[in-house]
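One structure is given below, encoded as structure tokens.
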Amino acid sequence: MKIDIRKISMLVPALFSALMWGCGPAKPVLNVYMWSDYIDPELVRAFEKENNCKVVMDIFDSNESMYAKIKAGGTGYDLILPTTYMAKIMSEQNMVENLDHAKLPNLKYISKTYLNDLALDKTMKYSVPYMIGYTCVAYNKEKLGKIENSWNVFSNESLKGRMTLLNDHRETIGAALFFLGKSMNTTDSAALEKAKEQVIKWKKNLAKFDNEVYKVGIQSGEFLIVQGYSGDLFQVLAETPSLAYMCPKEGISMSCDDWVIPVGAKNKELAYAFINFVCAPKNAAKNMEFTCYSSPIPEARQYVSDENKNHPGMFIPEDLYKRGELIKDLGADNAKYIKIWDEIKLAQ
């Protein structure tokens, strides 16, 4: 059969156009930089459908690694979720935008009590609070029984190699400061030196400093005692009856993670839409039940299931607020903590 080249040449452009039309225009993409396991995937899918977009999430495991990446010129993100003290640092260094509240009508739901009593950005000038949590200790009650209600548990040499502390200089040095009866925000050099010595003593008993693997390790039985973030640990406890938790009597850190829009964000409108979306009370409730953290949106409580109305992660007990301390930005004195942390890491 003879092939008519002219007809084929006429069909190719038409076929190409049909294929392109079938694909349709590319959806806008919202690039988010945040902590792992920190939002209900169903909510992300709902937002994508509602806004005809794609959400792409990149994960960081510490505020410092995130900050270093952005400070070094890491771009491409439309929305970032640092902890409050780091959000403040980023704002002071002109790394994030001031927010247009007209685009965030759901800010009306944010707790005035939280803003007045705990927040560093009380007017939400550059940040919007997302979830509040605290740092506590999980342990294997099946193998250890009831343990001492103190940070001193990390001094137990018989558990060498079976414990972890967070790979976070403010959290772990803060735990040592609490143990020594000091504020976790102290800038006193003598107190910080003693805290460094204490962490080095604990380090000898640790498997590692870790922010991610501890969840799997405590669940599998590889680790017997871990310091961790409340939401992470309550997620694991719900699935593992052999585990329990305790909040050391000397004190605990409390923190909130805040949404910020980095300078140079290419899709600010979607970033605003996403912040507003997660601030809706029903969505905040859904996120609480997924993450086991507490939302600074009081109206969310009415949408939480009855079985979780008194959950200690979602609804933080009042006595923990009294014993807890918020991590603060220490300005130039942040360098003291970084120096000590470097010395701890190098210590044998």
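Between a residue in the stretch 181-194 that is in the same structural domain as ASP333 (by TED's automatic domain parsing) and any residue that is surrounded by 13 or more Cβ atoms within 10 Å (Cβ to Cβ) and among the polar types (S, T, N, Q), which pairs come within a Cβ distance under 9 Å, given they are 6 or more apart or on different chains?
So the pair list comes out as MET184/SER253; ALA191/SER183; LEU192/THR186.
Can you tell me which condition ASN149 does not meet? The list is (1) closer than 25 Å to LYS339 by Cβ; (2) touching a residue at least 60 places away in the same chain (Cβ under 8 Å); (3) part of a loop (DSSP other than H, G, I, E, B), and all the others hold.
(1)
If you go through the stretch 294-313, how many residues are outside any helix (DSSP H, G or I) and surrounded by 22 or more Cβ atoms within 10 Å (Cβ to Cβ)?
So the answer is 5.
Could you tell me which of the residues VAL236, VAL199 is under 25 Å from ALA335 (Cβ atoms), buried (at least 19 other Cβ atoms within 10 Å of the Cβ) and not aromatic (Phe, Trp, Tyr)?
Checking each option against the conditions leaves just VAL199.
Residues that are out of contact with any helix residue (DSSP H, G or I) (no Cβ under 9 Å at 6 or more places or on another chain): list the helices (runs of 4 or more DSSP H) wholly contained in the stretch 228-293 that include at least 1 such residues.
230-239, 268-278
Going by what's in this entry, would VAL216 be described as without any contact (Cβ under 8 Å) to a residue 24 or more places away in the chain, surrounded by fewer than 24 Cβ atoms within 10 Å (Cβ to Cβ) and touching a helix residue (DSSP H, G or I) at 6+ places or on another chain (Cβ under 9 Å)?
Criteria met by VAL216.
Filter the stretch 185-203 for residues that are of a type outside the set (D, E, K, R) and not in a helix (DSSP H, G or I); which is nearest to the chain's Cα centre (by Cα)?
Checked the stretch 185-203; the qualifying residue nearest to the chain's Cα centre (by Cα) is ASN185.
Considering only the stretch 41-90, state which residues are assigned to a loop (DSSP other than H, G, I, E, B), surrounded by 17 or more Cβ atoms within 10 Å (Cβ to Cβ) and out of contact with any strand residue (DSSP E or B) (no Cβ under 7 Å at 6 or more places or on another chain).
Answer for the stretch 41-90, where residues must be assigned to a loop (DSSP other than H, G, I, E, B), surrounded by 17 or more Cβ atoms within 10 Å (Cβ to Cβ) and out of contact with any strand residue (DSSP E or B) (no Cβ under 7 Å at 6 or more places or on another chain): just SER62.
The values are calculated or read from the model by the stated rules, or taken from the named source; none is laboratory data. All of these numbers come straight from a predicted model, not from anything done at the bench. All Cβ positions, glycine included, derive from the backbone under ideal geometry; neighbour counts span all protein chains shown.
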